[in-house]
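Presented below is the structure to which this report refers.
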Amino acid sequence: MIINGILALFPILIYEYFYIYMQNLKKEKIEILLNFSLLISLYLTMYIKNYIPEIFQFSGLILPVLISYFVKKPKTAILISIVIGEYIIRDLNYNIITTIIYFSLLFIIYIIYNRTNKTQNFLLKSYITLTSLMIIINEIPPVIKNRNLILDSAISVIIFIFIIYIINIMLKESSNIMSLHSNLKEFEKEKSIRLSLFKITHEIKNPIAVVKGYLDMFDSNNKEKSEKYVNVMKNEIDRTLNLLTDFMEFTKIKVEKKENNFNELIDDVKEVLIPFFIAKNISYYFEVEENINIKIDYLRMKQVILNIIKNAVESCEKDTGHVSTTIFTDTDSLYIYVKDNGTGMTKETLDKILTPFYTTKEKGTGLGVSLSKEIIESHGGNLSYTSDIGKGTVCKIALPKN
């Protein structure tokens, strides 16, 4: 009887394991998997019945029906009831009317349970009462004929009740775990959305700040500078629109590598950063190897370099700050070193600087560096920092040339 209970429950536990650990499983497939597990449960109990005395077979065969109702699969429960009913009528000589009434009562109790809000083990108590009564009635005739079976019958009923309790408890606990898993998946989804929104906020802030800086310097009487400023502002607005388009999908950053001239990218970066250098009145220096051609996503790498140099500028003291950018290559790689004489970072900050949401800025999101790291790694490169308190920071980027 105990083995029968284990066999009846085992396929459902396997189903729940797959449900919890398989990712992106659609609802339709989940339903099919559950129904299939219930049918396997029926098969196993039908198989083991050959090793159980006839008077105790019914209590084992009824378990898949009860489990089907417990997991709220009435259609599957009805199908299993028909299979079991046909067997006990044909092979165990049960009365047809009694069998139909019994399985009908199981279904009615399920309907009552679903239509009322009685959650205090109402379904379990009803099933235990009904099935135990049926088993007792079923075992009365053989007990009358052979009183030596009284103890066996009593033990059979007790074990049956115990098994139903255990099955119910296990299904409840597994249901709680599945519910927790679903909640965790929703939480992860929400976290991903929030992360994406933070990224949007952080990344569109930079080009907007650039546009504002150029608008502050805008002089309609100076046509040459005005045209130059307008072009820079248009480029920054285009970059913002591209960022918004990417983040609308709430997916990982996509990188499309093409052959580009890195010197042209640095010229674009310089144009964008001028307002930041002027605002803090700090000196800056670019040492770039000539004619660097490399396969990169132009806009993404521009985004990274702007973000890193802007961070370096923000760490510097006004009027005394200095930021230098050195770019060179070897046979296989391109190297970018951004050095500042700012406040520097402690070891604790240095260890956490690449972690999303970690920031030492009062109004920072803690996503600029982690986003830059994500883009660099999508290019097959790596990003690292070294720093000394009071002396400054060096950001090192290494990128493969192909």
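The values are calculated or read from the model by the stated rules, or taken from the named source; none is laboratory data. On a predicted model such as this, the values are computed, not experimentally measured, just so you know. Here Cβ is always computed from backbone atoms with ideal geometry, including for glycine, and neighbour counts include all displayed protein chains. Keep in mind that these areas ignore ligands, DNA and RNA; they rest on the heavy atoms of the full protein, side chains included. Shrake-Rupley method; radii C 1.70, N 1.55, O 1.52, S 1.80 Å.
Pairs are defined by a Cβ separation below 6 Å, a sequence spacing of at least 6 or placement on different chains, a first member in region 234-259 that is under 13 Å from Q303 (Cα atoms), and a second member that is modelled with pLDDT under 70 and outside any loop (DSSP other than H, G, I, E, B); the pairs so defined are L243/E203. Residues in region 297-307 that are over 20 Å from N231 (Cα atoms) and buried (at least 21 other Cβ atoms within 10 Å of the Cβ): V304 alone. Against the numbered list (1) surrounded by fewer than 19 Cβ atoms within 10 Å (Cβ to Cβ); (2) at pLDDT 85 or above, V143 comes up short only at (2).
In this entry, I237 is excluded by the filter for residues that are surrounded by 12 or more Cβ atoms within 10 Å (Cβ to Cβ), out of contact with any Pro (no Cβ under 8 Å at 6 or more places or on another chain), assigned to a helix (DSSP H, G or I) and modelled with pLDDT of 75 or more. For region 384-402, a tally of residues being in contact with an Asp or Glu (Cβ under 8 Å, 6 or more places away or on another chain) and surrounded by 21 or more Cβ atoms within 10 Å (Cβ to Cβ) returns 2. Quick check on Y21: is it modelled with pLDDT under 80 and within 22 Å of M170 (Cα to Cα)? Against the criterion (modelled with pLDDT under 80 and within 22 Å of M170 (Cα to Cα)), Y21 qualifies.
A search for C-beta distances below 9 Å between a residue of region 379-402 that is farther than 11 Å from K339 by Cβ and any residue that is surrounded by 14 or more Cβ atoms within 10 Å (Cβ to Cβ) and of a type in the set (F, W, Y), counting only pairs 6+ apart in sequence or on different chains, returns I397/Y335; I397/Y337; A398/Y335; L399/Y335. Of the strands (runs of 3 or more DSSP E) lying entirely inside region 257-296, those carrying at least 3 residues that are open to solvent by 70 Å² or more (accessible area, probe 1.4 Å) are 283-288. Put simply, of I327, I376, I336, I353 the only residue that is of a type outside the set (D, E, K, R), in contact with a strand residue (DSSP E or B) (Cβ under 7 Å, 6 or more places away or on another chain), crowded, with 19+ Cβ neighbours inside 10 Å and at pLDDT below 90 is I353. Of the residues in region 53-61, at least one is open to solvent by 60 Å² or more (accessible area, probe 1.4 Å), closer than 26 Å to I159 by Cβ, assigned to a helix (DSSP H, G or I) and out of contact with any strand residue (DSSP E or B) (no Cβ under 9 Å at 6 or more places or on another chain).
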